[in-house]
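Below is one structure, written out as structure tokens, with a few remarks after it.
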Amino acid sequence: MAQQQTQGRERESNWAGNHHYRAAALHRPETVEQLQELVRGAAAVQALGSGHSFNAISDCDGIQVCLDKMPPLARIDEQAMTVTVDGGSSYGALATALAARGFALANLASLPHISVAGAIATATHGSGDGNANLAAAVVGLTLVDGTGEVRQVDAKDTPDFAGYVVGLGALGIVTEVTLAIEPAFTVAQHVYRDLPWEQLLADFDAVTGRAYSVSLFTDWSGDTVGQAWFKQRPGDGRTDDYPAELLGGTAATAAMHPLPGVSAVNCTQQLGVAGPWQDRLSHFRMAFMPSAGEEIQSEYLVDRAHAVPAINALRALSGIITPLLQVAEIRTVAADGLWLSTASGRDSVAFHFTWLREQAAVEEVVKAVEAALAPFGARPHWGKVFDAGSGALAPLYPRFADFVELAQRLDPEGKFRNAFLDEKVFGI
């Protein structure tokens, strides 16, 4: 067996720099056997992906394990229309490998830099009325559980598979993920500026249903939405008509960044130029980091039936939200059946906040945001900053107790537990 590679406390904080890890060491196993040995020998262990979570979900009082030294994998089964990828791979790397063979994923998140295993574990998503959470594409998983054993589970033969996918790091360390794929397709991205809220809210469904994927960017002040990004999939039955003026807004004549005044060099191709799916579905290019990470993020998903009153509730908080905000984004996500998916059982609208990196102030303002969205059953993104604990979260998920039982079964010694999971999931 090749010697296990062990690093000291190499990565001190997450990508944003707003959370510093407590783990004593970061290990980079090169084989599954080495990973099993690490898990069996650890009192506490957590997987660390791309570091794009903004809270303590990956923190650990023992060791962290990063899988970026494991053999890369992108095994395509053309008959089953699936791809099996190593858990440490990024969505950008996977998209490149799929596109080279003429295949695609149904959707991507805003950033292609995030790891596959980390994204699905936290219910990360893209946008589109008909597009479900990224985790909904998962049809199989291989993971090392709390006893150090390798488990292979799949949608066909594992009765509680829907509990495994959005696992929050509480079930084990995922080494392989199998995802549904489809033939490659093209996307054209159109950006419009200054769309009046009044017109958008008069028929919100018509706006979000106009393209394959729609994102609305706002700072929650004023009478207009700053930008609307329509990711059009030609030939999918939606309109191909994107005139100079639309919904009261004006078509951008130059590439835009979601943040006004920031160069769009790291953003994906716009201005209606059709191109490969992997170069359009994300907002940012894989070759560029979208920022230096000087930010904090929060996000909440509500039943899309409550979209308009939820938007009005947030607009009423502009006085406290806008001064702390870099930009906010509104997207839609189709329902899925995963136990802890933030879109589980309901078509949803997502309210994303990119805050200034002022931790204490953000922690205070999210309390107000959560109070405003509480009447609509808002579910916070598991990988971002939020205030709610298990007492508030458990009633939002019908299978919450079943997930807790599954975690205890797969990890009887609590090796994957940490302060975040104890507070937000196990209620300790």
Shape category assigned to the range 289-338 from the gyration tensor of Cα positions, a/c cut at 1.5: oblate
I want to check the label-to-label distance for ASP236 and ALA202. Put each point 7 Å from Cα in the C-beta direction and report it in nm to one decimal. 2.6 nm
Interchain or sequence-distant (5+) residues whose placed amide H lies within less than 5 Å of the amide H of VAL65 are HIS27, GLN46, ALA47, LEU48
Dipole of the chain, positive end: most advanced residue of GLY345, THR253, ALA206 [Cβ charges, Cα centre]: THR253
For THR31 and ALA244, extending 7 Å from Cα along the Cα-Cβ vector and measuring point to point gives, in nm, a value of 6.7 nm
What does the C-alpha gyration tensor say about the overall shape of the range 233-275? Classify as rounded when a/c is under 1.5, otherwise prolate if a/b is larger than b/c, or oblate. oblate
Between the range 34-58 and the range 127-143, the Cα center-to-center distance that results, in Å: 22 Å
Need the C-alpha centroid separation for the range 149-225 versus the range 330-371, integer Å. 12 Å
Can you give me the orientation-averaged projected area of the convex hull built on the Cα atoms of the range 100-188, in nm²? 6.8 nm²
I need the fraction of alpha carbon pairs in the range 322-428 separated by more than 15 Å, rounded to a whole percent. 68 percent
Mind ordering 147-153, 223-229, 75-81, 330-336 by average Cβ neighbours within 10 Å, highest first? 330-336, 223-229, 147-153, 75-81
Positive minus negative residues near GLY148 (Lys, Arg vs Asp, Glu; Cβ under 13 Å): -3
Dividing the surface of the Cα convex hull of the range 1-123 by four yields a projected area in nm² of 8.6 nm²
Pairs of lysine residues in the chain - Cα separation under 23 Å, sequence separation of 8 or more or cross-chain: 6
Across the range 149-242, what fraction of all alpha-carbon pairs, as a whole percent, falls in each successive 5 Å bin from zero upward? 2, 10, 16, 14, 8, 9, 13, 13, 9, 4, 1, 0
With 0.36 nm assigned to each residue of separation and the Cα-Cα distance removed, LYS156 to GLU423 gains 92.9 nm
Here FRET efficiency (C-beta to C-beta, ALA255 to ALA392, R₀ 30 Å, nearest 0.05) is 0.15
In angstroms, what radius of gyration and Dmax does the range 235-365 have, counting Cα atoms only? 17.0, 47
Debye intensity ratio I(q)/I(0), log10, the chain, q values 0.11, 0.12 Å⁻¹ (C-alpha model): -0.81, -0.97
In the chain, helical segments from DSSP H whose Cα atoms cover 27 Å or more along their own axis and that average at least -1.0 on the Kyte-Doolittle scale are none
Descending principal axes extents, the range 37-100, alpha-carbon based, whole Å: 43, 28, 19
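Here, each number is a calculation from the coordinates, and none is a lab measurement. What you see is a predicted model; the values in this text were computed from it and never measured. Counting neighbours? That spans all protein chains shown, and the Cβs are built from the backbone with ideal geometry, glycine included.
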